[in-house]
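Trainee: Have a look at this one before I ask anything.
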Amino acid sequence: MDLLYWFTPWEESAPVFIATVVVAALFLRGRARSNPRFQQKLYFWTGLAFIYLVSHTQFDYYAEHQFFIHRLQHLVLHHLGPFLVVLSSPVATLRAGMPEAGQRACRLIAEWKPVQYLLSALCNPVVAVTLFCGLIGFWLLPSVHFTAMIDWRLYRLMNWSMFINGLFFWGIVLHRGPIFSVRLSPGSRIAMMLAVIPPQIVIGAMIFFASSELYPIYTICGRAIGGLGAIADQQIGGIILWIHGAMMSAIGILIVVRGELMQQKH
């Protein structure tokens, strides 16, 4: 089979394609002005590539026909992809790549009081942690998951909501400066990353130890990997959520601690 086939979209999505192209173009245009470091460029392009690959290639077919691959997709959309993009500190480069009219529009939106109140509320640690864990649990409710997997509009809403929420959460906890006029201490940011670990472990353990099939949609539609039963599929998916989701928080905490130690040295 042609290698190019694997990079063609399983189901074409104009919003995913356009958003990827626009963001990539802005970063390319802005890098000449903001001059990001090599490490920043590496993080940005790797994160963007991962997000696109799990959303708009043949990988999406396997995510729709295998539970544990679906969990890998959300691990990238909710954790790894946004994590890497945030680490690249892309705001200055993306802003530099915008035309003047776009920059003015962004400033007007950011200065609008209702938007400021909303963003400040979303930056509240309790709200941010609740939304981060709540979205994981909500989309994994068996009845909700079944409906989302058979309705393409809900399926895309699910994926977009996970990505946007992941970008917002990791943006809050990994950024050292104020976010939308809200400044969080290193201790608060570390506490937020610690707080999202137990719910992921609990949800992952519930899926792993389930004695019955929780997500029959994959049996009904047919699993992409033959010979892997429903329970085994769920167990692998539960482990991915249980271990790898918590692992991302551990890495984030180490990054915050390292950043604070480096700042103290200077």
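The values are calculated or read from the model by the stated rules, or taken from the named source; none is laboratory data. Just so you know, these numbers come straight off a predicted model, no measurement behind them. Here the Cβ positions follow ideal geometry from the backbone for every residue, glycine too, while neighbour counts run over all protein chains shown. Heavy atoms of the whole protein, side chains included, go into the accessibility calculation; ligands, DNA and RNA do not. Shrake-Rupley method; radii C 1.70, N 1.55, O 1.52, S 1.80 Å.
Trainee: Got a number for residues in the range 146-165 being within 20 Å of Tyr62 (Cβ to Cβ), open to solvent by less than 60 Å² (accessible area, probe 1.4 Å) and part of a helix (DSSP H, G or I)?
Mentor: Total satisfying the criteria: 8.
Trainee: Check the range 56-69 and report whether any residue there is touching a helix residue (DSSP H, G or I) at 6+ places or on another chain (Cβ under 8 Å) and closer than 30 Å to Ser185 by Cα. Working first, answer last.
Mentor: Going residue by residue through the range 56-69, those that are touching a helix residue (DSSP H, G or I) at 6+ places or on another chain (Cβ under 8 Å) are 56-60, 62-69.
Keeping just the survivors that are closer than 30 Å to Ser185 by Cα gives none.
Looking for residues that are touching a helix residue (DSSP H, G or I) at 6+ places or on another chain (Cβ under 8 Å) and closer than 30 Å to Ser185 by Cα, one finds none in the range 56-69, hence no.
Trainee: Just give me the residues in the range 1-44 being within 15 Å of Ser55 (Cβ to Cβ), surrounded by 15 or more Cβ atoms within 10 Å (Cβ to Cβ) and touching a residue at least 24 places away in the same chain (Cβ under 8 Å), in sequence order.
Mentor: Pro9, Trp10, Ser13, Val16, Thr20, Val23, Ala24
Trainee: Quickly run through the range 166-209 and pick out the residues that are more than 23 Å from Leu84 (Cβ to Cβ), modelled with pLDDT of 95 or more and not in a helix (DSSP H, G or I).
Mentor: Result: Phe209, single match.
Trainee: Select the helices (runs of 4 or more DSSP H) contained entirely in the range 1-106, then report the ones holding at least 1 residues which are under 20 Å from Met158 (Cβ atoms) and not small (Gly, Ala, Ser).
Mentor: Values: elements: 14-34, 38-55, 59-65, 67-75, 81-87, 91-97.
Counting at least 1 such residues, we get 14-34, 38-55, 59-65, 67-75, 81-87.
Trainee: Hey, another quick one. Filter the range 98-145 down to the residues that are exposed (fewer than 11 other Cβ atoms within 10 Å of the Cβ) and under 24 Å from Val202 (Cβ atoms), then identify the one that is nearest to the chain's Cα centre (by Cα).
Mentor: Out of the qualifying residues, it is Val126.
Trainee: Next question, about the same structure. Name every residue in the range 212-230 that is loosely packed, with under 14 Cβ neighbours inside 10 Å and either among the aliphatic types (A, V, I, L, M) or assigned to a loop (DSSP other than H, G, I, E, B) (or both), in order of residue number.
Mentor: To start, the set of residues in the range 212-230 that are loosely packed, with under 14 Cβ neighbours inside 10 Å comprises 212, 216, 219-222, 225-227, 229.
Scanning the range 212-230 gives Ser212, Pro216, Ile220, Gly222, Ile225, Gly226, Gly227, Gly229.
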